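What follows is a short report on a single structure.
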Amino acid sequence: MRFFARRAVFYLFTAWAAITINFFLPRMMKGDPISAYLQKNQGKISPEAADALRTLFGLDTGKSLFEQYIDYWRLLLSGDLGRSFSHGLAPVTDVIGTALPWTVGLVGIATILSFIIGTAAGAIIGWRRGRASELAIPAANFFSSVPYFWMGLIAIAVFSSALGWFPASHAYSKGAHPGFTLEFIGDVIYHGTLPALTIVLASLGGWMLGMRNMMITVLDEDYITVAQAKGLSPARVVTRYAARNAMLPQLSSFALSLGFIVGGTLVMELVFSYPGVGKLLLDATNAKDYPLMQGLFLVITLAVLLANILADAAYAILDPRARQMEA
Amino acid sequence: MTIPTTTALEASEPEEPRVGISTLQRMGASFAMFRNRKSLTGLIILGVFVLIAVFGDLIAPYGPLDKDYTALKQPPTWQHLLGTTHMGEDIFSQIIYGTRGVLLVGFLAGILATAAAVAVGVASGMVAGWRSEALSALTNVFLVLPGLPLMIIIASQYDDPSLFLIAGVLALTGWAWGARVLRAQTMSLRDRDFVRAARANGEPLWRIITVEMLPNLMAIIASSFVGTVTAAVLGLTTLAFIGIIPITNLNWGTILFWAQQNGAFPDYWWWYVPAGLCIALLGMALALINFGIDEYVNPRLRSEGERARAQRKKGVTATSGVTAVRRTPSSPASSPHDETEASLV
Amino acid sequence: MTALEFRSVTKRYRVRGAGHMLALDDVSFRLGSGETVALVGQSGSGKSTIAKIITQLERATSGEVLFDGAPLPRGGRGLRRYRQQVRMVFQDPFASLNPYHTVRHHLERPLRLDNVVPRDEVEAEVRRLLQRVRLDPAATIGRRPHELSGGQRQRVAIARALASRPALLVADEPVSMLDVSIRLGVLNLLADLQRESNLGVLYITHDLATARHFSDRIMVLHHGRVVEEGTADDVILRPQHEYTRALRDASPDPDRHFATPTEGALS
């Protein structure tokens with residue numbers, strides 16, 4: 001239990017640090033677009049909204065830094081992230097809320113798929129060291145070095161423009177009615193296939209190589225030889241003994257790579273015009289919509305933190321040693 | 001105590017009395033990690049890119065922004081090896097000049113990030129108690145912060161960021177991983193007997209770190225450096241593609257940015273394919289170098305590759321630790337293995 | 001005469017989640033130059049803890065550790081002198097030398113650190129040290145640890161310990177990780193060196209037989225307590241404590257008939 005306590009403390013600390021960094025970020029930036037915006041749009045903003053913006057951006061110079069910090073926390077805990085300039089002053093939380101599910105869906109599914117396929121493939125390659133598997137390595141190497149966005153562009157060029165199999169952009173067709181109808185879901189899947197596929201392909205290589213290396217190291221261990229000598233079937237040895245132990249470092253590198261995955265997806269959404277938080281962030285940046293930018297950064301960071309916690313929990317459940325080790 | 005004492009000199013290896021190895025030989029020995037096939041291939045590819053960057057002016061037929069109005073959006077011809085853009089600019093030249101931007105920023109970011117990683121990682125590994133935990137917490141925070149959003153937000157603040165600034169931002173998001181690995185390694189080194197002996201002998205701390213421990217950490221530092229450069233190159237090209245970095249810094253990502261903006265898709269493949277391929281190629285070269293270092297550091301992977309190759313030559317397919325039993329006496333004619341191995345094994 | 005003394009030293013380790021672990025319990029002994037004292041005990045008896053306390057990697061929880069009558073110096077010139085006078089040879093020849101550096105480096109460092117000889121004589125002194133441990137200087141000086149055999153490495157470790165011309169040497173299981181056939185050679189070397197330089201040697205081991213051959217006095221350690229102490233012959237031939245007896249009986253004796261049952265058992 002002590003182990004979990006330590007991890008919990010660590011995550012709380014990181015969350016606090018992320019929020020605090022977010023607090024300081026706009027205050028470190030030069031220029032003050034907020035004031036200008038506020039002045040220009042005097043009549044359109046409610047006083048509370050204007051106050052919230054000032055708090056978020058450190059414009060309430062009447063108060064000390066510490067007081068600003070407290071106000072900031074109070075705002076956050078009440079779920080107010082300010083108003084978005086480029087979305088007609090809609091609350092930032094609402095704007096993010098419409099985009100977040102798309103990203104989570106796309107990234108979540110694609111990453112999990114890629115992890116599963118890559119790990120399985122890596123396990124197989126690590127186990128059978130034949131010629132075909134040796135070839136797979138440079139191929140995997142190549143694919144993992146390709147920038148996500150470029151692969152997306154190529155995918156569009158090939159599968160969408162040339163072959164016409166999949167649509168090149170957006171999450172669903174124009175004029176389709178969002179809802180939980182089969183038709184709509186089908187439409188979503190149709191539109192989401194290409195982006196998801198691209199993410200899977202681009203990240204596959206990394207998982208495969210990592211798993212292969214781990215498998216090789218694990219298979220050298222004596223307990224594998226014992227298992228084989230006991231007469232267990234190769235399949236059983238591979239899955240329940242070797243792969244299970246080789247997978248542990250994969251899990252921890254999964255957690256570490258989450259930040260990287262987020263980055264890649266951001267750009268992917270740009271390429272495919274997919275209405276997720278990535279595209280939202282990029283649009284906000286171009287429109288200099290600071291409240292939205294700041295809110296997005298916070299949400300993304302906390303989401304990555306959450307995913308880290310889940311990965312850590314999975315690791316602890318799978319590896320009894322981790323519970324005794326120091327964080 | 002009457003014990004028959006042997007006074008003969010302890011048997012030392014025969015041969016020539018080697019008084020010492022020259023510095024050059026010693027340097028060569030420490031770069032043994034680069035000696036296997038994989039990393040050599042990677043180094044060669046990297047070397048080619050470096051040459052292109054250095055001698056760009058001599059190799060490129062045109063300036064990157066020279067416009068040839070007679071050839072707009074042309075597919076590759078002998079005059080324009082990779083075709084032209086919508087403004088008649090030679091893409092081949094753009095790629096050549098773009099190499100400079102990529103390599104400069106990439107390596108600069110790598111150096112900055114690795115320096116930070118070594119400083120924080122080794123320090124937090126050597127000290128104990130709350131200081132170590134604090135540094136570790138700092139590292140972990142930066143690990144969790146998502147890199148690209150942070151880079152976007154910071155980079156968008158500046159209208160014309162200098163190379164240093166861009167490299168700095170890239171380094172800021174990339175140093176933490178190396179620091180974490182180095183911390184773990186340093187902690188395990190700290191308890192090794194030779195470090196304890198050095199401490200017991202009264203070596204000052206700075207000497208213990210630099211002279212005794214750092215050489216043993218070289219492989220990890222090298223690997224971390226290569227990894228960071230890879231991440232920096234990807235980050236740079238991504239940022240350029242998004243349009244955050246001004247086009248005054250020409251790199252492969254900028255080319256893709258222009259391609260995207262000016263409707264190069266999907267028809268004008270010569271515009272957007274080469275740039276991406278270059279990024280992939282450079283990434284691959286760096287990954288290969290890292291592969292080589294990995295194999296060197298992990299003796300199991302090293303002997304693994306050699307063993308598998310040797311066995312394949314004998315016509316035996318290996319699966320993990322099981323010793324394959326050959327039923328029939330091997331005759332070269334009967335085993336149909338051919339010599340065409342993958343070129344980049 | 002330089003002397004190291006333990007007076008009622010107790011060392012307690014805090015174990016996470018399980019209270020305390022008593023590594024040493026009221027241990028007292030004295031080591032002076034010119035004599036060899038053996039510390040015999042099995043794994044976990046506290047031998048290594050004593051070595052760590054002597055090299056100041058750990059501190060006693062209670063009791064006194066005295067060097068030349070004064071408590072162990074913690075800093076400044078006193079600490080430097082202590083480090084120069086009391087040296088240690090580690091157990092694992094593979095781990096106690098830095099794989100990256102040559103033998104020359106390993107021996108130069110202590111010479112330079114303690115200014116044992118003037119700068120221009122360092123190289124000559126390194127060679128002289130190698131000769132003292134019966135290694136061929138020309139052949140070994142430029143080598144790295146992985147190019148030497150275990151026995152050679154341990155000799156280099158001994159040379160390193162002797163570099164500062166100490167008065168006391170702590171040898172923590174110096175031959176346990178060496179091939180049996182070369183153990184005697186290394187132990188004899190230690191005996192010769194001890195005689196030549198009038199060293200005080202604390203020989204930590206689990207092997208009662210070599211303890212007897214090599215030392216003047218023997219201390220038997222069991223679960224952190226000294227259960228027996230005396231001259232080598234006394235302890236071996238006339239053991240008082242049952243643990244000592246069990247240790248002695250566990251050593252193979254070619255003269256003893258197989259059919260004779262042995263008394264006692266190792267607890």
- Query: If you check residue C:232 against the conditions, is it at pLDDT below 90, surrounded by fewer than 18 Cβ atoms within 10 Å (Cβ to Cβ) and touching a Ser or Thr at 6+ places or on another chain (Cβ under 8 Å)?
  - Reply: no
Residue B:161 vs (1) part of a helix (DSSP H, G or I); (2) in contact (Cβ under 8 Å) with a residue 40 or more places away in the chain; (3) crowded, with 18+ Cβ neighbours inside 10 Å; (4) more than 8 Å from every other protein chain (Cβ to nearest Cβ): all pass except (1)
Of (1) more than 30 Å from residue C:63 (Cβ to Cβ); (2) among the aliphatic types (A, V, I, L, M); (3) in contact (Cβ under 8 Å) with a residue 40 or more places away in the chain, residue C:182 satisfies every one except (3)
Every listed condition ((1) more than 11 Å from every other protein chain (Cβ to nearest Cβ); (2) more than 24 Å from the chain's Cα centre (by Cα)) holds for residue B:197 save (1)
Screening B:254, B:237, B:248 for residues that are away from every other protein chain (no Cβ under 11 Å), of a type outside the set (Phe, Trp, Tyr), crowded, with 19+ Cβ neighbours inside 10 Å and more than 12 Å from the chain's Cα centre (by Cα) leaves only B:254
Restricting the range A:75-97 to residues that are free of Cβ contacts under 8 Å to residues at least 24 places away in the same chain and assigned to a helix (DSSP H, G or I), the one nearest to the chain's Cα centre (by Cα) turns out to be A:97
Restricting the range A:266-293 to residues that are assigned to a helix (DSSP H, G or I), farther than 18 Å from residue B:241 by Cβ and at pLDDT below 80, the one farthest from the other protein chains (Cβ to nearest Cβ) turns out to be A:291
Scanning the range C:49-99 for residues that are basic (Lys, Arg) and either farther than 23 Å from residue C:206 by Cβ or more than 13 Å from chain B (Cβ to nearest Cβ) (or both), the one surrounded by the most Cβ atoms within 10 Å (Cβ to Cβ) turns out to be C:83
Being more than 14 Å from chain C (Cβ to nearest Cβ) and in a helix (DSSP H, G or I) narrows B:228, B:210 down to just B:228
In the set C:30, C:83, C:77, C:109, the lone residue that is basic (Lys, Arg) and in contact with a strand residue (DSSP E or B) (Cβ under 8 Å, 6 or more places away or on another chain) is C:30
Of C:120, C:192, the only residue that is within 25 Å of residue C:34 (Cα to Cα) and either more than 8 Å from chain B (Cβ to nearest Cβ) or modelled with pLDDT of 90 or more (or both) is C:192
When residue C:164 is run through (1) in contact with a Leu (Cβ under 6 Å, 6 or more places away or on another chain); (2) within 13 Å of chain B (Cβ to nearest Cβ); (3) of a type outside the set (Asp, Glu), the failure sits at (1)
Picking from B:176, B:184, B:219, the residue that is hydrophobic (A, V, I, L, M, F, W, C) and surrounded by fewer than 17 Cβ atoms within 10 Å (Cβ to Cβ) would be B:184
Exception for residue A:166 within (1) over 20 Å from the mean Cα position of the chain (by Cα); (2) farther than 30 Å from residue B:152 by Cβ falls at (2)
TODO: Please tell me if residue C:138 is within 12 Å of chain B (Cβ to nearest Cβ) and farther than 29 Å from residue C:81 by Cβ.
DONE: yes
Over the range B:127-158, the set of residues more than 10 Å from chain A (Cβ to nearest Cβ) and over 28 Å from residue A:307 (Cβ atoms) is B:127, B:128, B:129, B:130, B:131
The number of residues in the range A:132-151 that are out of contact with any Leu (no Cβ under 8 Å at 6 or more places or on another chain), of a type outside the set (D, E, K, R) and assigned to a helix (DSSP H, G or I) is 7
Quiz item: Looking at the range A:119-136, is at least one residue under 20 Å from residue A:300 (Cβ atoms), touching a helix residue (DSSP H, G or I) at 6+ places or on another chain (Cβ under 6 Å) and either away from chain B (no Cβ under 14 Å) or among the hydroxyl-bearing types (Ser, Thr, Tyr) (or both)?
Solution: no
In the range C:123-147, anything among the hydrophobic types (A, V, I, L, M, F, W, C), under 24 Å from residue C:85 (Cβ atoms) and either in a loop (DSSP other than H, G, I, E, B) or in contact (Cβ under 8 Å) with a residue 60 or more places away in the chain (or both) is listed as C:133
Per the filter on the range C:92-122, residues in contact (Cβ under 8 Å) with a residue 12 or more places away in the chain, of a type in the set (Asp, Glu) and not in a loop (DSSP other than H, G, I, E, B) are C:108
Scanning the range C:195-217 for residues that are surrounded by 22 or more Cβ atoms within 10 Å (Cβ to Cβ), more than 17 Å from residue C:154 (Cβ to Cβ) and within 13 Å of another protein chain (Cβ to nearest Cβ) gives C:211, C:215
Scanning the range A:199-247 residue by residue, those assigned to a helix (DSSP H, G or I) and among the hydroxyl-bearing types (Ser, Thr, Tyr) turn out to be A:203, A:217, A:223, A:225, A:239, A:241
Over the range C:30-48, the set of residues assigned to a strand (DSSP E or B) and either buried (at least 18 other Cβ atoms within 10 Å of the Cβ) or basic (Lys, Arg) (or both) is C:30, C:31, C:36, C:37, C:38, C:39, C:40
Counted residues in the range B:183-202 being part of a helix (DSSP H, G or I) and either in contact with an Asp or Glu (Cβ under 6 Å, 6 or more places away or on another chain) or closer than 16 Å to residue C:101 by Cβ (or both) come to 8
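The values are calculated or read from the model by the stated rules, or taken from the named source; none is laboratory data. Here the structure is a predicted model, which means the values were calculated and not measured. Backbone-built Cβ (ideal geometry, glycine too); neighbour counts: all protein chains shown.
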